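See structure below.
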Amino acid sequence: MSTSQPAPHGASSEDHASRVSSMFDGIAGRYDLMNLVMTWGQEPRLVRRTVRRAELSGTPAVLDLATGTGDIAFEILRSHEGAQVTGADFSPEMMAVGKDRPGGDKIAWVEADAMDLPFADESFDAVSHGYLLRNVADIPTTLAEQFRVLKPGGRMVALETSPLPKNIIRPFSTLYIKHVVPRLSHLITKNPEAYEYLSSTTRGFRTPSQVQGLLEEAGFVGVGHELHLFGTLAIHWATKPA
């Protein structure tokens, strides 16, 4: 799932969350295919790379936020046998797709708001998420909640879109994200409005350096990121002080 777009003028954070949740519910059955299209087929590789950046060991308790259909959650289970994985999302239809995937019964699925998590302080060894921050109304509150539920020394990793960098491929990337992706989404999902929203949030999201600054303001240390797909996607990581 995935600056995060603020709630429209006159609308509350709850209204924003409800609107975005309803949108994702409507595309749940074809979301994974569209992710492959939007990442030029690189989604599985990027998910694996994100999980590696979590530096998990032993049998960790991991919270995967904006879990959607569970791509990151399933990769954690695949690569770390015995991990206790909780997948949380505000879209029940997305999670329903994940529950039906092989191994879906090994994940604890929880409907939750990323800005008000229903978990106790210091509950998890790691928190992961994909495409979350661009879809919340308040990034600092979202990061504060992740910091709260992490154990001291716990790790946060995230896969996020990045604004198109000013390089030689910018005109082609802009054309692809702004015009090609919504048209492909119409063919695949019959809901082009959803991916027009996603392409607009991609273009308007914070830069990786700005996300890094927000993580540091939330109290995280060891903050870093790496860029992929010509700078259009970034993997972020940070640690809660021990």
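FYI, it's all coordinate maths here, none of it is from the lab. Predicted model only: the values in this text are computed from it and were never measured. Virtual Cβ from ideal backbone geometry, glycine too; neighbours counted across all protein chains shown.
Distance between the C-alpha centres of the stretch 219-242 and the stretch 68-103: 22 Å, rounded to the whole angstrom. For Phe147, neighbours were defined as the other residues whose beta-carbon sits under 15 Å from its Cβ, and their charges (Lys and Arg +1, Asp and Glu -1) total -4. 3J(HN,Hα) along the stretch 231-238: x, 8, 9, 9, 9, 10, 9, 6 Hz, from the Karplus curve 6.51 cos²θ - 1.76 cosθ + 1.60 with θ = phi - 60°, whole Hz, x for Gly and Pro. Other residues within the sphere of radius under 11 Å centred on the Cβ of Phe124, judged by their own Cβ, net out at 0 (K and R +1, D and E -1). Amide H contacts for Trp109 (H built 1.01 Å from N in the peptide plane; partners 5 or more residues away or on another chain; cut-off under 5 Å): Gly87.
Extension gain, Glu217 to Ser79: 0.36 nm times the residue separation minus the Cα-Cα distance gives 46.6 nm.
A DSSP coil position with no more than 15 other Cβ atoms inside 10 Å describes the following GluC sites (Glu not before Pro) in the stretch 79-139: Glu81, Glu122.
Modelled spin-label separation between Ser57 and Ala120, with each label point placed 7 Å from Cα along the Cα-to-Cβ direction: 2.5 nm.
With the simple spin-label model, which puts each label point 7 Å out from Cα in the Cβ direction, the Ser209 to Ala144 separation comes to 2.7 nm. Under a model in which nothing but the beta-carbon of Lys, Arg (+1) and Asp, Glu (-1) is charged, the stretch 112-154 shows a dipole of about 160 debye around its Cα centre.
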